Each structure stands twice: as structure tokens, then as C-alpha cells.
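The values are calculated or read from the model by the stated rules, or taken from the named source; none is laboratory data. Everything numeric in this text was worked out from a predicted model, so none of it was measured. Positions of Cβ are generated from backbone atoms using ideal geometry, with glycine treated the same way; all protein chains shown enter the neighbour counts. Ligands, DNA and RNA are stripped out before the accessible areas are found, and what is left, the full protein with its side chains, is counted by its heavy atoms. Shrake-Rupley method; radii C 1.70, N 1.55, O 1.52, S 1.80 Å.
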Amino acid sequence: EDQVTQSPEALRLQEGESSSLNCSYTVSGLRGLFWYRQDPGKGPEFLFTLYSAGEEKEKERLKATLTKKESFLHITAPKPEDSATYLCAVPPSGGSYIPTFGRGTSLIVHP
Amino acid sequence: DVKVTQSSRYLVKRTGEKVFLECVQDMDHENMFWYRQDPGLGLRLIYFSYDVKMKEKGDIPEGYSVSREKKERFSLILESASTNQTSMYLCASRGRTNSPLHFGNGTRLTVT
């Protein structure tokens, strides 16, 4: 059974204070990893797909990286508008249709 | 861009009412999903559909049913709403199995 664990559960940063969110996974074979951003009261918004270890994707102040065991979402010089919950997920395996989601990291960036 | 539209952002219903939550996607996706999201519990899958008229139970199907008569539309039905079904409901769709899910903006349902 695939497992995805995100840490920390919550993170408070000052504006400009860079940090990283972690997504560790246990899967039968790496088929990719997804990152989402979710604002309060809204549905998750897809950010990135990473397909293989060593791959990196960037969007504004966010950079996602992938190793064989985990993914990091690096946030450089965050702004208050980066405050959101960030979710990661892996695609289904073994004939299943169902992706596995982590529970998310709630990020608050203070001005 | 994929667009997944949920018919209501907020709903307030009374205990015992039958509730319909509607979801429409515009990308001809075969797979559609219904999740509920509660604080501290993450996303929990209620039902999914891998094709028209095809459905599978997720982790928490009790008290819910679904309907998928057309490819673009996936409906979640609460047969007799109860207060423990107060939650955020999220619909999602997907093309290929290894593709990411695309979510609607959610329906915040309150059952009183």
C-alpha cells in the first residue's frame, strides 16, 4: 500500500524567510509525484508533476525537487500571499485508480 | 485549462433531507472523484467513477450514492442528510491514470 507523509503539519514563516516542506513517500515503484496548493475554502490547485528522481520544477517562489524517497517544496523569500495548505500526492499503483494524498502542510507567512 | 465546476459553493440543509451535489468537467475526462475534507483528516474518498455508469466505492461511502449518466457530469447524493455529513465536498476529474487530479472549488455543506 502506498503511503505519503508530509511534514511539518504547520509552518509559520516571516516574510522573506525561506524554508522547505517535505513529502516522503513509500510506493511500489515511482510513477511520479504531484504538488497542489489549497487556499482556505477552495479546492486544491495543481502546481507540479515530478516524474523522476533528480527532476526539479519551478514556479515563482516555489521550487519542487524529487529524490527516490521524498520530495521537497522549497519556498524562497515567501510573501503573505504564499500562505496556503500544500498537498502532495502520488499516482495510483497496482491496477488501482486511486491516488494517495498526504495530509498537507499549512503554511502561514507573516508580513 | 481543465475546468471542474461544482454547482454550489455553500449549502445549508436540514437533517433527513435528500441532497444533490453536482459536478461538471469540460475536458472529456473518464475518471471523476468525490472527496470530503475535514480538519485534521485530510482528503477522504467517497466514490469514484472510471467511466459513464461505472462507479466504485471509496473509503467512506456509507450514507452516500453517486450517479454518472453522462461523461462530463458526476453527482453525489446524500440520501438522508445527517449532521455528521457537514463538511467540505470536493469533486475532481482526471484523464490518464498517472495524471494529476483537477479539483473543483468545493461545496461547503452544513446540515442542521
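Quick notes
- When residues of the stretch B:1-23 are limited to those that are among the hydrophobic types (A, V, I, L, M, F, W, C) and away from every other protein chain (no Cβ under 14 Å), the one least open to solvent (accessible area, probe 1.4 Å): B:VAL19
- At least 1 residues being within 13 Å of another protein chain (Cβ to nearest Cβ) and small (Gly, Ala, Ser) is the threshold, and among the strands (runs of 3 or more DSSP E) wholly inside the stretch A:1-84 those reaching it are A:10-14, A:62-66.
- Subset of the stretch B:54-99 that is touching a residue at least 60 places away in the same chain (Cβ under 8 Å) and open to solvent by 20 Å² or more (accessible area, probe 1.4 Å) - its residue that is nearest to the chain's Cα centre (by Cα): B:GLU79
- Any hit, the stretch B:36-51, residues being farther than 17 Å from B:ARG96 by Cβ, touching a residue at least 24 places away in the same chain (Cβ under 8 Å), within 11 Å of chain A (Cβ to nearest Cβ) and open to solvent by less than 20 Å² (accessible area, probe 1.4 Å): no
- Residues in the stretch B:100-112 that are over 12 Å from the mean Cα position of the chain (by Cα) and more than 8 Å from every other protein chain (Cβ to nearest Cβ) were compared, and the one that is most open to solvent (accessible area, probe 1.4 Å) is B:THR112.
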